[in-house]
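Some notes on the structure that comes next.
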Amino acid sequence: AYSKGNYLECTRILVGELRKKPDHQDNIILMDTVVPLYANMLKSSADEAMQAQSWDDAVSAFDALKQLGSLLSGLPPVPKGEKKDKKPYTFTHHVPEVSADRKTAADNSAEAHYQAATKFETASKWRAAAVEFRLAQRYFPTFKDASDRYSRCRDKAIVKVCVMPFEDKTGKGYGALGDVLTEQLVSAAMGS
């Protein structure tokens, strides 16, 4: 996992192995390499996303950092160093605290989705507006009036179609042709 660059999976494996054998120095050394590397990678990704105002990406990177911190916090201190100098060691200090930054990104993301939804709603693009209002609620379920506006846009986006069955009035006994035509019409309507 480490050589493939899958640092999260590598960390998960190492946490599992260190729970079984907490004094395995090779695992401790690899963990001490992987965790700061992965944490720095996620923090850089989050910072770049914040700078580019790509709020959804920033929230995802901050959430991944919090997930890494949670994974490591369940691991008890491990002995690190030479046999006579082994001291209890934790890896959580490699993961920065990002709660405030995550909240800022989530606030901005919710607002950006809300504004996009408002533009779609003004243009009578009900489905797109409903999707954006729902995305705003993903960060804060009670964000402004997104819940009510989502429901209204979703209701307006629903298109109702009724297809009456066709009857064979030719007198030539085509019978199932009416059912086939009805099914084809419904399929074509659903496809579009």
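Considering only residues that are in contact (Cβ under 8 Å) with a residue 12 or more places away in the chain, surrounded by 15 or more Cβ atoms within 10 Å (Cβ to Cβ) and outside any helix (DSSP H, G or I), which ones fall in region 16-48?
Within region 16-48, just Pro22 meets the criteria.
Being without any contact (Cβ under 8 Å) to a residue 40 or more places away in the chain and either among the polar types (S, T, N, Q) or open to solvent by 40 Å² or more (accessible area, probe 1.4 Å) (or both) is the requirement here; does Ala61 meet it?
Working: without any contact (Cβ under 8 Å) to a residue 40 or more places away in the chain: yes; either among the polar types (S, T, N, Q) or open to solvent by 40 Å² or more (accessible area, probe 1.4 Å) (or both): no.
Taking the combined requirement at face value, the residue does not satisfy it.
Which residues, counting only those in region 64-81, are open to solvent by less than 40 Å² (accessible area, probe 1.4 Å) and touching a strand residue (DSSP E or B) at 6+ places or on another chain (Cβ under 7 Å)?
Val78, Pro79, Gly81
Within region 112-123, identify whether any single residue is crowded, with 17+ Cβ neighbours inside 10 Å, in a helix (DSSP H, G or I) and in contact (Cβ under 8 Å) with a residue 40 or more places away in the chain, and answer yes or no.
Checked against the condition, which is being crowded, with 17+ Cβ neighbours inside 10 Å, in a helix (DSSP H, G or I) and in contact (Cβ under 8 Å) with a residue 40 or more places away in the chain, region 112-123 yields at least one hit.
What's the total number of residues in region 50-76 that are of a type outside the set (Ser, Thr, Tyr) and more than 20 Å from Glu9 (Cα to Cα)?
Result for region 50-76: 9.
Go through region 154-189 and count every residue that is at pLDDT below 75 and closer than 30 Å to Thr118 by Cβ.
Residues in region 154-189 being at pLDDT below 75 and closer than 30 Å to Thr118 by Cβ: 1 in total.
Condition first: small (Gly, Ala, Ser) and surrounded by fewer than 20 Cβ atoms within 10 Å (Cβ to Cβ). Now tell me which residues in region 88-109 satisfy that. So that I can check it myself, show each step before the final result.
Filtering region 88-109 down to residues small (Gly, Ala, Ser) leaves 99-100, 105-106, 109.
If the condition is that a residue be small (Gly, Ala, Ser) and surrounded by fewer than 20 Cβ atoms within 10 Å (Cβ to Cβ), then Ser99, Ala100 are the ones that fit.
Does Leu135 satisfy the criteria of being open to solvent by 40 Å² or more (accessible area, probe 1.4 Å), in a helix (DSSP H, G or I) and under 26 Å from Ala157 (Cβ atoms)? Spell out the reasoning first.
Numbers: open to solvent by 40 Å² or more (accessible area, probe 1.4 Å): yes; in a helix (DSSP H, G or I): yes; under 26 Å from Ala157 (Cβ atoms): yes.
In short, yes.
Just checking, how many residues over region 139-154 are in contact with a helix residue (DSSP H, G or I) (Cβ under 8 Å, 6 or more places away or on another chain), open to solvent by 60 Å² or more (accessible area, probe 1.4 Å) and either without any contact (Cβ under 8 Å) to a residue 24 or more places away in the chain or polar (S, T, N, Q) (or both)?
Of all residues in region 139-154, those in contact with a helix residue (DSSP H, G or I) (Cβ under 8 Å, 6 or more places away or on another chain) come to 139-141, 143-144, 146-147, 149-150, 153-154.
If we keep only those that are open to solvent by 60 Å² or more (accessible area, probe 1.4 Å) too, we end up with 140-141, 144, 154.
Filter again for either without any contact (Cβ under 8 Å) to a residue 24 or more places away in the chain or polar (S, T, N, Q) (or both), leaving 141.
Qualifying residue count, region 139-154: 1.
Identify the single condition in (1) assigned to a helix (DSSP H, G or I); (2) open to solvent by 70 Å² or more (accessible area, probe 1.4 Å); (3) under 18 Å from Trp126 (Cα atoms) that Val159 does not satisfy, given that it satisfies every other one.
Failing condition for Val159: (1).
The values are calculated or read from the model by the stated rules, or taken from the named source; none is laboratory data. Computed from a prediction, not measured in an experiment: that's the story for all the values here. Reconstructed Cβ throughout: ideal geometry from the backbone, glycine too, with neighbour counts over all protein chains shown. With ligands, DNA and RNA removed, areas are computed over all heavy atoms of the protein, side chains included. Shrake-Rupley method; radii C 1.70, N 1.55, O 1.52, S 1.80 Å.
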